[in-house]
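Working notes for the structure below.
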Amino acid sequence: MKADLFKALAHPLRVRALELLAEGEQPVSALLADMGIEASHLSQHLAVLRRAGVVIGVREGNTVTYALADPSVADMLAAARTFLLRRLDATTGALAGLADTSSAESRA
């Protein structure tokens, strides 16, 4: 089940949709405006997220509004962001260390 969840999250557009929904429920029209993709593409990505149980959609008249199925999805996104920022920071530090070593060697 966990692997299926991560497969459903394994597309940048789906992650972006979830980040937008983490801010609060959104009508499809707002998601389209924020994401700048074709309605058919968004529909396909939202269907993957619905099948995985990550989002829910509610239709009122002509408007479909999406929300995260559980607040823990937002927590998971925040944890992933923290993890990636720490990795980026470590990589940046390692590159800075290499640059310092290279500068010191060229002066010697």
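Bear in mind these aren't lab numbers, they're just calculated from the coordinates by the rules spelled out. Note that this is a predicted model, so its numbers are computed, not measured. Glycine gets a Cβ as well: all are built from the backbone with ideal geometry, and neighbour counts include every protein chain shown.
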Report the FRET efficiency, 1/(1 + (r/R0)^6), for ALA79 and GLU38, where r is their Cβ-Cβ distance and R0 is 41 Å, rounded to 0.05.
0.85
Can you list the DSSP H helices in the chain whose Cα atoms extend at least 20 Å along the helix axis and whose mean Kyte-Doolittle hydropathy is -0.5 or higher?
72-107
Taking N as the residue count of the range 1-69, its alpha carbon Rg divided by 2.2 N^0.38 Å gives 1.02
Under the 0.36 nm per residue contour assumption, what length would be gained going from the current alpha-carbon distance of ARG50 and SER29 to full extension?
5.8 nm
Using 0.36 nm per residue of separation minus the Cα-Cα distance, give me the extension gain between SER72 and ARG86 in nm, one decimal.
2.9 nm
What number, in percent, do you get for the relative contact order of the range 1-69 if the mean sequence gap of Cα pairs under 8 Å and at least 6 apart is divided by its residue count?
37
